[in-house]
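Step one of this worksheet: look at the structure below.
A short reminder: the numbers here are calculations on the coordinates, not readings from a lab. The structure displayed is predicted, hence computed values, not measured ones. Positions of Cβ are backbone-derived with ideal geometry, glycine not excepted, and every protein chain shown enters the neighbour counts.
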Amino acid sequence: MNSRAMAEKSEASGRDAGVKRVHIETYGCQMNVYDSERMRDVLAPLGYAPAASAQEADLVILNTCHIREKATEKVYSEIGRLRVLKEERRRRGDDLTIAVAGCVAQAEGEEIARRAPSVDLVVGPQSYHKLPELIARAARARGAALETNFTPEEKFDSLPARAPHGVSAFVSVQEGCDKFCTFCVVPYTRGAEYSRPCAEVLAEVRALASQGVREIVFIGQNVNAYHGAASLAELIARAADIDGVKRIRYTTSHPLEMDDALIELHGREPKLMPFLHLPVQSGSSRILKAMNRRHTAEDYLRIVARLRAARPDLALSSDFIVGFPGERESDFEETLALAREVTFASAYSFKFSRRPGTPAGAMQGQVAEDVKAERLARLQALLNVQQAAFNAAQVNETLEILVAQPGRKPGQVQGRSPYLQAVHFAGDRALIGECVRVRIERASQNSLSGVLADSMAPA
Ligand code: SAH
Ligand code: SF4
Ligand code: F3S
């Protein structure tokens with residue numbers, strides 16, 4: 001059988017008559033990962049089962065990201081690929097529904113509807129509860145059904161109860177951003193800051209814990225700006241009292257919002273894990289000012305010092321942007337110096353990307369592409385060394401691992417260390433959901449492996 005015939009056979013067998021299947025491709029940040037899960041929850045009552053690929057799906061949703069130019073370009077090339085699949089289906093008297101969701105849908109929805117006739121529906125991040133209606137509208141009418149007008153409050157009020165999850169679950173507590181960093185599209189794609197009421201969030205945590213979830217990750221574009229009748233520190237403290245919750249994390253935080261109570265909680269609440277993603281973007285106070293980050297490099301170092309005073313083993317990660325307009329070699333060297341001083345356990349770093357409608361996109365002093373590439377390579381070399389060293393330092397240590405899933409090799413399971421490192425070891429699947437002590441034997445750039453320290457007594 002040639003590959004084409006094989007593909008057609010698997011396609012036919014994967015798409016049984018009567019069973020509808022949805023495939024969601026997720027790009028971008030934790031907010032999109034969460035939203036994709038919620039879209040599955042919305043679609044399940046309509047009879048949509050998950051499909052492993054677009055080939056096996058009746059509905060494909062691209063959950064898109066607008067943060068950098070490359071991310072946005074990917075959407076249009078992906079639509080092009082799906083259009084070919086849709087045309088093949090149509091020749092066989094069948095169809096494929098193509099939906100564009102996420103931040104590109106919010107920012108460029110009307111343009112997508114105009115430019116890409118193969119797209120059947122466009123839905124913004126606050127309008128996912130309207131998916132069933134939009135799918136019905138798309139089936140009835142020509143042209144894309146478009147919905148980008150709802151608020152986070154309307155979305156959270158209308159979404160169905162959550163389906164059972166794995167061991168760890170994202171819980172969105174805050175959406176949107178009022179910070180307006182000059183490089184960033186998020187305030188435009190996700191709108192103004194909104195916090196979900198504390199009681200509603202805690203009810204969701206209780207329901208998840210009763211379904212076997214052991215780790216709660218509170219998420220938001222600015223999660224530590226949370227103010228849902230309680231602060232984030234209060235919310236975490238109350239979630240830690242819920243039976244079954246073993247670990248709590250939160251992401252992503254803004255340095256300006258690291259208040260005393262939250263810093264202090266890191267030293268006091270054992271369920272709050274000693275890992276914090278705290279983006280700094282640059283080590284140059286001059287560039288931070290132009291970015292409208294509203295803190296200096298020294299402020300950031302002071303916050304880190306206070307966090308480490310509260311929790312000495314706290315591991316930190318960050319986001320960096322190199323080549324922001326006006327960034328000189330000396331500014332970039334300040335970024336390297338800050339990274340050397342803090343020492344990050346992991347980090348993401350990006351070349352500045354000019355985004356339409358943002359102040360920085362129109363600034364004087366844009367940095368040449370080759371200079372950005374060269375600075376990024378130097379920064380990443382340093383951050384990679386720091387990450388490898390952080391992992392290597394765990395060898396011969398015994399860490400408590402929350403076992404999350406089967407490992408890649410038979411007889412193995414894998415989980416996460418308190419510092420969010422992936423850890424593999426030989427163990428029974430019955431351990432999934434347990435915290436066990438593992439002695440670390442080997443470290444690589446991205447993961448650790450070891451042996452169960454005491455297979456008889458889960459910690
Ligand atoms: N506070 C947010 C940040 C979202 S964007 C959160 O919840 O994660 C994630 C990262 O993308 C930012 O921290 C920044 O480092 C990077 N980023 C944002 N806009 C960018 C741009 N125009 N060019 C390059 N990187 C950018
Ligand atoms: Fe973007 Fe800044 Fe808001 Fe983060 S804090 S989402 S980088 S505007
Ligand atoms: Fe991207 Fe939107 Fe997240 S632009 S980074 S998916 S909030």
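Only helical runs count toward this figure. For the chain, summing -39,500 (n - 2.57) over DSSP H runs of n ≥ 4 and dividing by all residues gives -12000 deg cm²/dmol at 222 nm. Computed from phi, the 3J(HN,Hα) profile of region 437-452 under the Karplus parametrisation 6.51, -1.76, 1.60 (θ = phi - 60°) reads 8, 10, 8, 7, 10, 9, 10, 10, 4, 10, 7, 10, 9, x, 10, 4 Hz, with x in place of Gly and Pro. Take every DSSP beta bridge whose two residues both sit in the chain; close to 35 percent of them are antiparallel. Where a Cα-Cα gap under 15 Å defines reach, which aspartates and glutamates qualify for Lys271, not counting those fewer than 8 residues away within the same chain? Filter leaves Glu215, Glu234, Asp241, Asp243, Asp313, Glu400, Glu434. With both labels modelled 7 Å from their Cα along Cα-to-Cβ, the Gln405 to Ala309 distance reads 4.1 nm.
Placing unit charges on the Cβ atoms of the charged side chains and taking the dipole of the chain about its Cα centre, the candidate lying farthest along the positive direction among Gln412, Val423, Ile401 is Gln412. When Rg and the Kirkwood Rh are both derived from Cα coordinates, the Rg/Rh ratio for region 161-268 amounts to 0.98. Computed about the Cα centre, the dipole magnitude for the chain is approximately 920 debye when only Lys and Arg (+1) and Asp and Glu (-1) carry charge, each at its Cβ.
For region 90-158 and region 396-433, compute the distance between their C-alpha centroids and round to whole Å. So the two Cα centres are separated by 39 Å. When the trypsin sites (Lys or Arg not before Pro) in region 23-131 are filtered for DSSP coil states and for at most 15 other beta-carbon atoms within 10 Å of their beta-carbon, the remaining sites are Arg92. Applying both filters, DSSP loop and at most 16 other Cβ atoms within 10 Å, to the trypsin sites (Lys or Arg not before Pro) of region 358-459 gives Arg408. Pairwise over distinct Cα atoms, reciprocal of the mean inverse distance: report the Kirkwood radius of the chain in Å, one decimal place. Computed over the chain, the radius equals 23.8 Å. With Cα atoms as the point set, the radius of gyration and Dmax of region 31-94 evaluate to 13.6, 38 Å.
Run the Debye formula on the Cα coordinates of region 115-172, all scatterers equal and no solvent, and tell me log10 I(q)/I(0) at q = 0.14, 0.21, 0.25, 0.30 1/Å. Computed log10 I(q)/I(0) values: -0.50, -0.85, -0.99, -1.18.
Three principal axis extents of region 274-391 based on alpha-carbon atoms, in descending order, are 42, 28, 25 Å.
What separates the Cα centres of region 246-267 and region 22-62 is a distance of 31 Å. By the rule of a C-alpha distance below 26 Å, with chain neighbours fewer than 8 residues away ignored, the lysines paired with Lys372 are Lys70, Lys74, Lys179, Lys289, Lys351. Could you give the dipole magnitude of region 274-391 about its Cα centre, charging the beta-carbon of Lys and Arg +1 and that of Asp and Glu -1, in debye to the nearest 20? So the magnitude is around 360 debye. A crude spin-label estimate for the pair His165 and Ala388, with each label 7 Å from Cα along the Cβ direction, gives 3.4 nm.
Length, then width, then depth: along the principal axes, the Cα atoms of region 332-417 run 56, 29, 20 Å. Relative contact order for region 398-452: 36 percent, from Cα pairs under 8 Å spaced at least 6 residues apart, divided by residue count. The orientation-averaged shadow of the Cα convex hull for region 51-140, equal to a quarter of the hull surface, comes to 5.9 nm². Put simply, the amide H of Gln414, placed in the peptide plane, has neighbours under 5 Å in Ala404, Gln405, Gly407, leaving out anything fewer than 5 places away on its chain.
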